[in-house]
Structure formats: C-alpha cells, structure tokens
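Just so it is clear, none of the values below were taken in a lab; they were calculated from the coordinates. Please read all numbers here as calculations on a predicted model, not as lab measurements. Here Cβ is always computed from backbone atoms with ideal geometry, including for glycine, and neighbour counts include all displayed protein chains.
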Amino acid sequence: MTQFEACGGTLLAQMNAPLIDTGLQRVEIDGFAFPLGVYPVEPMVPKPGFVTEFEAADGAEFFISGAEVEDWEEWPDRWMFDVLLPAGRVRAFCNMLVTYFPPRVYPILDVLGHDAYREVDPYIAYDLVAVERVFDGLRDYSEWLFEDGMVGWGLMSLEPFLYAFVDEHKIVTIRAELSMKEKIEKLLAAFDLEQVEKLAGPDSVEHEHRTVLLAPEHESKPMAAEEIIEDLRDLWILQFNVDGTTNLDDEGNELGITAWRCVARCVPPPAEEEGAPGVPRYAELFLRAANLDEAEEIAAGAITKSVGGEGAAEESQIGAIEFVAHDRITPEDFKQMLERETGPDLSEAGVDDLRWLTTEA
C-alpha cells in the first residue's frame, strides 16, 4: 500500500480538513510553550525575544534555483530580525506581520520531505499571488503551518522589500528594507518582545521534530501532508524550487542516475459540453533518471503511452500532467517498494513500474 492509498488515495478528490493528533503533549519549560511538532530533549532555559543584524546588499544570497534567478533583483540593504515567541503567540504575530506586505506577494513553503538525498523540499511562487490567498492558506491549515515540526512557510515582496519566514522550529525570520525598520520594531514592541543577545529556542539544543497530523491509517482517513502540500501548491501557485537539470545531494555531490518515485496528477481535458469537470487521476511511477527534468519527461511519456488494462488511461483522456511528488529513493527502498530482490539498474534511465492510484473514498 502506498502512502497515498493509506489515506484513502483520494488527494484533492477527498479534501477533508486535516485532523490533528490530540494525543500529543505540548512541552513547556518555565512557562514557555513549545510548538507541538518540535521540542527540546535536553535541559534548557528558553529565552524569547529577538535578535537583529544589518545585512548589506553585497552579501545577498538567492534562494531561487535554476534560470528563474536571472529575473530576480539582488536583495537590497536590509535589517534582519530573528524572533522567538511562545507557541500560542506565533499565529497572532504572523497575522499582523502579513498585513505589512503589499497586496501581491511571493509565497514560500519548505517541507521536510521523503527524498533520500535532500532534507527539505522547497517551493516558491515565481509569479505574484494575492495576499488573500496567503490568508486563506493560513486559515485552512493553521495548525499544520504553525505547529508541525516538518514544515516552514513564508512570503516575500520586492516593492517594498520584505521577507518573512516561519521555519520548522516556528522561529520567525524577517528581512526588511531600511525604511521599514521602525515599523517592524513597533510590531515587536506591541508583542512585548525585547532584544536579546542570543535566542534560546528548541533549535539551540538537541531537539526532536514530529508531525502533528494523525497517521494516514487512522480510521477517520485524515488528510495527509501530501494532500495539504498539493492544495497549497494550487492555492499559492507554488513551483518546486529545485534545479531540474542537475542531480545533487545536500552537499552538492553529483549523483548521476538515481531511482525515483513520482506521483502525477492526470487532469482530464476540458469537456466539450457543459457539466461537472472530470476528476483527476493519480499515477505512481518508479523509474530511473539523471535529473528531475528527465524524471518528469520519462514519467509523462509512460503515462501517455499506457493503454489497455484495468485502470489504464489513454492519451486522449489526459489534458495535463502535473507532478505532485518526485522523490529520489535509495536502491534498498526501491527493492522494498517494488517487492523485488534486486535494486534498480542505474546504468540507464527508464521506467520500472506504473500504478494507478484509486480515487474512490
């Protein structure tokens, strides 16, 4: 059973609200409440507040991968603020902070994912998105975004330059152009936050991360993280922020051909007559490829060529193919997922298996 089938295999066809594991216990130390999804596992004394630092434009580092970076201007001189608040105050602080942004922004989403060679799956909107969509996402998935130890989120604007990111520890990082410094300081003062020499949050000592979502095999068929990510990608118009022409691990090593697990949403073509839109179908593929672009190309070709047999889709039934997961897997995981005795043949690219996931509740 795949992780998608374990939660009903329905993805956007079954968009029930995410269910939080009410059995999780919140860790509190000296009255400071930590997020449900991240907590220290060794003694510490929490120290809320903020630290600030001037960052010059000359040292700006882009977090956009691929050719799109050429369209982005260098970040200007700015003030950086790292802010640590008790878990119960992070949401209110961020709701106020979002109102400081202009009407259209670039949302950001980082997820500790399933890729064997990359810790974080990064997503960003390359096109401006109405800030109302950000508020919609914060409303629909607030517990996940503000409590889960496997996800971080944020947004950015260029005019004025303002960047905010809530990492997986729920520490808020703000980067603001010089003219906005006083405004940010007033927000910090409104939440009784004082400048400190060094923050002491969960990331300052040994700590654990966990999801706050109910397990997919729960009898209530809760919404899985993959479903939330897919919905936010649609809502915030996010794109996978990884250079598709290379195949690197987190240390920058070139991996060559690796095994992949891809899940594609196959959208039916527009109906000639008025009526309810067709329900997307999902294909899970196991393949070998030298980079992300090749993996998607191989997967798309296999999907459009799959004809005949139970659950197969003819090319004419597919209007668009959108990838919702593309994780590199180890040879050992490849053997286990495909229930084979041997690993993938990494001497050449190709498809090893294609499965159609159920979309019935």
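Backbone geometry of segment 154-164 corresponds, through the Karplus equation with coefficients 6.51, -1.76 and 1.60 at θ = phi - 60°, to 3J(HN,Hα) couplings of x, 7, 8, 10, 9, 9, x, 6, 8, 10, 9 Hz, x marking Gly and Pro. Exposure proxy for Met156, Met337: other Cβ atoms within 10 Å of each Cβ, ordered fewest to most, give Met337, Met156.
By the count of other C-beta atoms within 10 Å, a proxy for reagent exposure, Thr245, Thr342 are ordered fewest to most as Thr342, Thr245.
In order along segment 92-97, the Karplus-derived 3J(HN,Hα) couplings, from 6.51 cos²θ - 1.76 cosθ + 1.60 at θ = phi - 60°, round to 5, 4, 5, 4, 5, 4 Hz, and Gly and Pro are given as x. Taking amide H positions as modeled 1.01 Å from N, with prolines and chain starts lacking one, the residues under 5 Å from Leu213 and 5 or more places away or on another chain are Asp21. The H on the amide N of Ala125, modeled in the peptide plane, is under 5 Å from the matching H of Gln239, each at least 5 residues off or on a different chain. Residues of segment 176-190 falling in the label zone of Met80, defined by backbone nitrogen less than 17 Å from a point 7 Å along Cα to beta-carbon, are 176-178, 181.
Under 10 Å from the Cβ of Pro202, count the other residues' Cβ atoms, weight Lys and Arg +1, Asp and Glu -1, and hand me the total.
Details: positive: Lys170; negative: Glu168, Asp203, Glu206, Glu208.
Combined, the nearby Lys, Arg, Asp and Glu give -3.
With the biggest extent put first, the Cα atoms of segment 67-149 measure 39, 37, 26 Å across the principal axes. Charge tally around Arg265: other residues with Cβ under 9 Å, Lys/Arg +1 each, Asp/Glu -1 each, net -1. When Phe334, Phe135, Phe54 are sorted by how many other C-beta atoms sit within 10 angstrom of their C-beta, beginning with the fewest, the order is Phe54, Phe135, Phe334.
Once backbone amide H atoms are built at 1.01 Å from N, Val324 has Val263, Ala264, Arg265 as its partners under 5 Å, excluding neighbours fewer than 5 places away on the same chain. Note on Ala189 and Ala215: the extension gain reaches 5.4 nm, defined as 0.36 nm multiplied by sequence separation minus the Cα-Cα distance.
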